């Protein structure tokens, strides 16, 4: 398994087949913020912590480039539930809708991020 990186998308490849991706952009109104516009994993590869690994890879790279915050819109099946991928990483809901925000330092170096095995 490898991660292929472009300017605004990271792709997760397994045997040279794309099994997931994370797309993002950089809002002009909020400096030092990365906005995750899409995080997806093929259905047959879900529940193996691959989305977490992909998202953390993006966040680590952009933390090292000087970005400090992440924002996204939670459109997951586990919206506002305990085992939501974003809540488990340390993001929080900004308002009563599905907008989320997080501090990259808290996400990457806080207690929530655990080394989890990748299951194949």
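FYI, it's all coordinate maths here, none of it is from the lab. Bear in mind the structure is a predicted one, so any value in this text is a computation, not a measurement. Heads up, the Cβs are rebuilt from the backbone with ideal geometry, glycines too, and the neighbour counts pull from every protein chain shown.
Structural remarks
- Spin-label pair residue 38/residue 98, simplified geometry with 7 Å Cα→Cβ offset, distance in nm: 1.5
- Residue of 34, 43, 85 that the Gaussian network model of the chain assigns the largest fluctuation, springs spanning Cα pairs under 10 Å: 43
- Given (1) 12, 40, 32, 14, 2; (2) 14, 44, 31, 9, 1; (3) 13, 47, 35, 5, 0, the label whose value is P(r) over Cα pairs in 10 Å bins from 0, in percent derived from this model: (3)
- Residue exposure sequence - 45, 96 - by fewest surrounding Cβ within 10 Å: 96, 45
- Potential lengthening of the chain between residue 56 and residue 11 amounts to 14.9 nm, from the contour at 0.36 nm per residue minus the alpha-carbon distance.
- For 100, 11, order by how many other beta-carbon atoms lie within 10 Å, fewest first: 11, 100
- The chain - mean residue ellipticity at 222 nm from DSSP helices (-39,500 (n - 2.57) per run, n ≥ 4, rounded to 500): -6000 deg cm²/dmol
- Cα→Cβ-extended label distance, 7 Å offset, between residue 75 and residue 105, nm: 3.2
- Highest-fluctuation residue, 20, 90, 66 considered, GNM on the chain with Cα pairs under 10 Å: 66
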